[in-house]
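As C-alpha cells, the structure follows; a few thoughts come after it.
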Amino acid sequence: MTKEVELDKHGFTIKHKPGGLESVRKSVENCEENCEEMCGLDKKVMMALLQGEWSEYTTGDHSGRTSKKIVIEYDIKEKTK
C-alpha cells in the first residue's frame with residue numbers, strides 16, 4: 001500500500017504531527033525502554049499501560065466548554081463466576 005504525499009501550495013511536503021493519544025502512547029513506549037534511568041519510572045507499570053485499552057474522547061457540557069480526554073484502562077480484571 002502506497003502512502004499518498006500531501007503537498008502545500010508551494011510544493012513542499014506537509015508533515016502531519018501525531019494527535020494527543022498517539023503522542024502519549026509514543027511517550028510511554030519510549031519510556032518503557034529507558035524509564036528507570038530516564039525518569040525514575042517503573043518498567044512494569046509502563047508495560048501494563050501499553051497493554052491496556054487506550055481511548056480518546058471529546059467532551060462538552062451545557063456551558064459550551066469542550067475538552068479532549070485520553071483514557072488508559074490497565075490492569076483490567078474481570079470477576080469469574
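Could you check the stretch 6-23 and list, in sequence order, the residues that are part of a loop (DSSP other than H, G, I, E, B), more than 15 Å from the chain's Cα centre (by Cα) and either hydroxyl-bearing (Ser, Thr, Tyr) or within 30 Å of TYR57 (Cβ to Cβ) (or both)? Selection gives GLU6, ILE14, LYS15, HIS16. Within the stretch 60-81, the set of residues being hydroxyl-bearing (Ser, Thr, Tyr) and either at pLDDT below 95 or within 17 Å of the chain's Cα centre (by Cα) (or both) comprises SER67, TYR74, THR80. So, of the residues in the stretch 29-59 that are assigned to a loop (DSSP other than H, G, I, E, B) and surrounded by 12 or more Cβ atoms within 10 Å (Cβ to Cβ), which turns out to be modelled with the lowest pLDDT? The extreme case among them is LEU41.
For first residues located in the stretch 67-79 and without any contact (Cβ under 8 Å) to a residue 60 or more places away in the chain and over 7 Å from TRP54 (Cα atoms), partners that are of a type in the set (A, V, I, L, M, F, W, C) and surrounded by 11 or more Cβ atoms within 10 Å (Cβ to Cβ) and lie 6+ apart or on another chain with Cβ distances below 6 Å form the pairs ILE70/LEU21; ILE70/VAL24; TYR74/ALA48; TYR74/LEU49; ASP75/ALA48.
The values are calculated or read from the model by the stated rules, or taken from the named source; none is laboratory data. In this text the structure is predicted, and so the values were computed from the model without any measurement. All Cβ positions, glycine included, derive from the backbone under ideal geometry; neighbour counts span all protein chains shown.
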